Every structure is written in C-alpha cells, then in structure tokens.
1. Quick check: anything in the stretch 130-142 touching a Ser or Thr at 6+ places or on another chain (Cβ under 6 Å) and under 24 Å from P60 (Cα atoms)?
2. Output the residue which, of all residues in the stretch 111-164 that are touching a residue at least 60 places away in the same chain (Cβ under 8 Å) and in a helix (DSSP H, G or I), is nearest to K95 (Cα to Cα).
3. Being β-branched (V, I, T) and in contact with a helix residue (DSSP H, G or I) (Cβ under 9 Å, 6 or more places away or on another chain) is the filter here, so list the residues in the stretch 13-43 that pass it.
4. Hey, can you tell me all the residues within the stretch 13-52 that are surrounded by 13 or more Cβ atoms within 10 Å (Cβ to Cβ), assigned to a helix (DSSP H, G or I) and not charged (D, E, K, R)?
Amino acid sequence: MKLSEPQKQQIIAWLGEGVKLAEIQKRIVAQFGASLTYMEVRFLVDDLKVLPKDVEPPKPVELPKPPAAVPEPEPPIPGAAPAAPAPNQPAAGGKVSVTVDALARANAMVSGSVTFSDGNTADWYLDQMGRLGLAAKVQGYRPPAEDVQTFQMELQKELAKLGF
C-alpha cells in the first residue's frame, strides 16, 4: 500500500500517543479505507523508522510503615497474678513467618505457607494474574490487620530474594 505524506504523519502521531499496533491497524481501515494485516502494519512502522511509545506502567502503591515503637506494658502489681494477653493482641514474641514452596501448587505461579503471630497457619499463592490467595487451615479464620500488613511485606521480601 502506498501512503501519502499526511497519512504517514498521522500514523507517526498515533505512535507518539502510545496507540498499540492493533489499534493503528483498525484506524487505518476506518480512516484510510485500506485493509492491512498486523504484520504489514509492523513493517509499515518499521519503514517509517518510528518506535512505538511504551505506555508508562502504573507506579507501585507504597504501604504505610508499621509503627516504630510498641508501648510498654504497665509494670505488674506486686503479689497480683500475671495478666493474660489481651484478646486480638499477638502473644509476646509472636511474629509472622513466610515460607515459599520449592514447587508451586497447581494453577499458581508461586505458593507457600504463612504462620501468623497468634500461631494460626495458612497456605498462600499468587496466580497467573498476580492475585494473592490465602487459605487458612482453620475455616473462617481472619488474621489481625497488623499481621496482614506484615505478611505482605515479608512475602515481598521472600519473593524479591527469588527474583520475582
């Protein structure tokens, strides 16, 4: 197909806007009345010596940092029985630990397990769409919000070690 100079400039402008080749192919049909295959559009762009503009990927969202200091508990009263941990509070010295499976489970890019600060465990996985799934061992278990944030940060660290 022979294109006029204004048609070539229009295609260059579309490429500058970041329009994908498939969309350019459709626009050529709609505006110029010429039917080109996808490969012909690729050759045309190559002949024009213009590189398609890459669309900038969305910037990652930064998670808020956990509080730096945990308030100290009140000193015990002499002669009183030791206080039990408050409900919804992790046990003393508790933390979240994440492991990555050597072999990912079916339909997952990567998988593993997590132990939350209260001792409950769950299996996690990332599917091909990048969605995170969590399957608790105890039906209906919901980890504390702080543990979920810690889990996400620990998971990110572990996956970074593996090149994800």
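Just so you know, all these numbers are worked out from the coordinates, no wet-lab data involved. As the structure is a computational prediction, the values presented were derived from the model and not from experiment. Cβ: placed from backbone, ideal geometry, glycine included. Neighbour counts: every protein chain shown.
1. No, the conditions are met nowhere in the stretch 130-142.
2. Residue satisfying both the conditions and the ranking: T150.
3. V19, I24, I28, T37, V41
4. Those that are surrounded by 13 or more Cβ atoms within 10 Å (Cβ to Cβ), assigned to a helix (DSSP H, G or I) and not charged (D, E, K, R): W14, L15, L21, I24, Q25, I28, F32, V41, L44, V45.
One line per residue, one yes/no per condition, for (1) of a type in the set (S, T, Y); (2) over 20 Å from G163 (Cβ atoms):
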{"position": "A108", "(1), (2)": "no, no"}
{"position": "A122", "(1), (2)": "no, yes"}
{"position": "Y125", "(1), (2)": "yes, no"}
{"position": "G130", "(1), (2)": "no, no"}
{"position": "Q139", "(1), (2)": "no, yes"}
{"position": "R142", "(1), (2)": "no, yes"}
